[in-house]
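These notes concern the structure reproduced below.
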Amino acid sequence: MDSVASLYGRKTLDGVVRDVGSVIFVPMCVGGGIASLADCDLMFDSGADKVSLNTALFADITLIDRIGERYGSQAVVVEVQAKKLNGRYMCVNQYGREETGIELTDWLTRIRGRMIGEVSLTAVNHDGVAGGVDWDLIEAARPHIDVPLVYGGGFNPEIDDIQALSYWVEGLAIATSLHNNRFNPAAYSERCTR
């Protein structure tokens, strides 16, 4: 994930995807700066299995369907960056820098039923601080999502009950707890099976 690719107009992920794909053999979801069907073609040709979209969708939501028609809905991940502003969850883009003016549940309603394989929900207020997941955000979003939900933002195995979390979401995106050696996924794999 090149989190600031759209912000800087950067288009360099294809090389990274090729390099990573040459040394790992698990499905790869790629995001950041993907704004067209041609960008998706390049990512898939480079070895991606899925593409994650956010910023571009606020300009052209039909991109979801065009990618889905070409590659199948399983290849389309919609990244939803939610930020709590004045007591409401609002959608943002540019990795939380730009406000869209669209409420979370309104956006989830607009994308629901389109050719989406999963939704990746990021709690911007919690991201990177390992202060615990935003349960209120998950509870607000879950009823409006009819595909697998991957949550990211704030997970800390010392605070969060991963078994309880596994009943609400199908996947968990983590970084800080891995970088700080707080979390070993292998130790939790059996506990997280449904």
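Of the peptides 45-58, 157-170, how do they stack up when ordered by the mean number of other Cβ atoms within 10 Å, highest first? Spell out each step's value before the answer.
Values: 45-58: 19.6, 157-170: 13.6.
Going by the mean number of other Cβ atoms within 10 Å, highest first, we get 45-58, 157-170.
Among residues other than Ala75 with Cβ under 11 Å from its Cβ, the summed charge is -1 (Lys and Arg +1, Asp and Glu -1).
Applying 1/(1 + (r/R0)^6) with r as the Cβ-Cβ distance of Ile102 and Leu37 and R0 = 30 angstrom yields a FRET efficiency of 0.80. As a rough guide to protection, the peptides 141-149, 26-34 ranked by mean Cβ packing within 10 Å, highest first, stand as 26-34, 141-149. Glu99 sits among other residues whose Cβ lies under 14 Å from its own Cβ, and their net charge, with Lys and Arg +1 and Asp and Glu -1, is +1.
For region 2-151, what is the accessible area per residue in Å² when the probe is 1.4 Å? Don't jump to the answer; show the numbers that get you there.
Values: 6970 Å² over 150 residues.
Per-residue value: 46 Å².
Just the protein heavy atoms count here, and of the accessible area of region 50-106 at 1.4 Å, carbon and sulfur take up 40 percent.
Each of Asp49 and Ala175 was given a label point 7 Å from its Cα along the Cα-to-Cβ line. The distance between the two points is 2.1 nm.
The values are calculated or read from the model by the stated rules, or taken from the named source; none is laboratory data. As the structure is a computational prediction, the values presented were derived from the model and not from experiment. Quick reminder, even Gly has a Cβ in these numbers, built from the backbone with ideal geometry, and neighbours come from all protein chains shown. In case anyone asks, the SASA skips ligands and DNA or RNA and just uses the protein heavy atoms, side chains included. Shrake-Rupley method; radii C 1.70, N 1.55, O 1.52, S 1.80 Å.
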